[in-house]
1. Can Lys111 be described as assigned by TED's automatic domain parsing to the domain that holds Leu218, touching an Asp or Glu at 6+ places or on another chain (Cβ under 8 Å), farther than 20 Å from Tyr231 by Cα and modelled with pLDDT of 95 or more?
2. If we keep just the residues of segment 207-238 that are among the hydroxyl-bearing types (Ser, Thr, Tyr) and surrounded by fewer than 16 Cβ atoms within 10 Å (Cβ to Cβ), which is modelled with the highest pLDDT?
3. Applying the selection to segment 63-82, what residues are closer than 17 Å to Arg21 by Cβ, touching a residue at least 40 places away in the same chain (Cβ under 8 Å) and buried (at least 19 other Cβ atoms within 10 Å of the Cβ)?
4. Taking Val196, is it more than 28 Å from Leu101 (Cβ to Cβ) and either at pLDDT 90 or above or of a type in the set (Lys, Arg) (or both)?
5. I'd like the residue in segment 186-199 that is among the polar types (S, T, N, Q) and touching a strand residue (DSSP E or B) at 6+ places or on another chain (Cβ under 8 Å) and, out of all such residues, is nearest to Lys237 (Cα to Cα).
6. Check Ser123, Ser74, Ser94 and return the single one that is outside any helix (DSSP H, G or I) and among the polar types (S, T, N, Q).
7. Which residue pairs have Cβ atoms closer than 6 Å, lie 6 or more positions apart in sequence or on different chains, and pair a first residue in segment 227-248 that is outside the structural domain of Gln144 (by TED's automatic domain parsing) with a second residue that is at pLDDT 95 or above?
8. Just checking, does segment 18-38 include any residue being out of contact with any strand residue (DSSP E or B) (no Cβ under 7 Å at 6 or more places or on another chain) and farther than 17 Å from Ser8 by Cβ?
Amino acid sequence: MPLYTSESIILKTSDFSENKRIVIFFTEKKGKVPVVVRKSKSKKFNFAAIEPTTLCRVTYFGKENVQLFRFSNSEIINYYLPLKSSLTLLNYSSCFSEIILYLVRDFDPNKYIFETYKNFLKSLIEFKDESNTINLIFFISLIQVYKSIGIYSEINDLCHMCKIKIDGNKKVFIVERGVVCNECIKKGNYYNKSEVSASSIMFLKTLGNSKFHVSTKLNINPQSRREIFDYLISVYKNYTNREINSLKVFREIIR
């Protein structure tokens, strides 16, 4: 059987049987790949090499058309210890990992998302003491992933129906096609809509269009931070029809 080797980030592990685990690797070359790992009592076996949110170089094997591959070995590139030593950083990384897990299809490689994911984990550690910057890193990275998959509406300060500039003192809604003003929202049937303030629209526009190092200097007010977070999570929910398990604790941290 052919061997495959790729740099990867571990998304999830779960028990398969008494002596086997299924590890979901998000690989650079093959996308999301489920692999069966036999538990070993050998002292040489490094269990850290199959822990979630670990960057590694995994080798696995199996026929081209199988849905579950077999594990050969895994070499740690970056264990991201600071992420696993901080409850706050762990919640950010866990939430992002869960989103990747259910957004990306099996065996569908996307190098852009892989690099975005890797940069996200690296940046969390780099800016671990700057809470505002960490929020921005999370928002920017999520927007980049959504854009790559094609589920993110471009945000601007014009109502996509009447083409009038958004009034800062009135309600604004984000729908699948973009931004809709309070007057136009009453004229259409929108099942998936998020109500946000005009300031949140401007922040989202900047986050979606600016370069990373510029955007991380933004200072988002608490209300807009909550609205942007809720909107970005709603994009995931509407696309996958799933709740985020790690969100219960994480929501309180980001607010």
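The values are calculated or read from the model by the stated rules, or taken from the named source; none is laboratory data. Just so it is clear, the model here is predicted, and its values are computed rather than measured. Positions of Cβ are backbone-derived with ideal geometry, glycine not excepted, and every protein chain shown enters the neighbour counts.
1. When the stated conditions are applied, Lys111 passes them.
2. So the residue we want is Ser234.
3. Passing the criteria: Phe69, Phe71.
4. no
5. Here the answer is Asn192.
6. Selected residue: Ser74, the only one of Ser123, Ser74, Ser94 that is outside any helix (DSSP H, G or I) and among the polar types (S, T, N, Q).
7. none
8. Yes.
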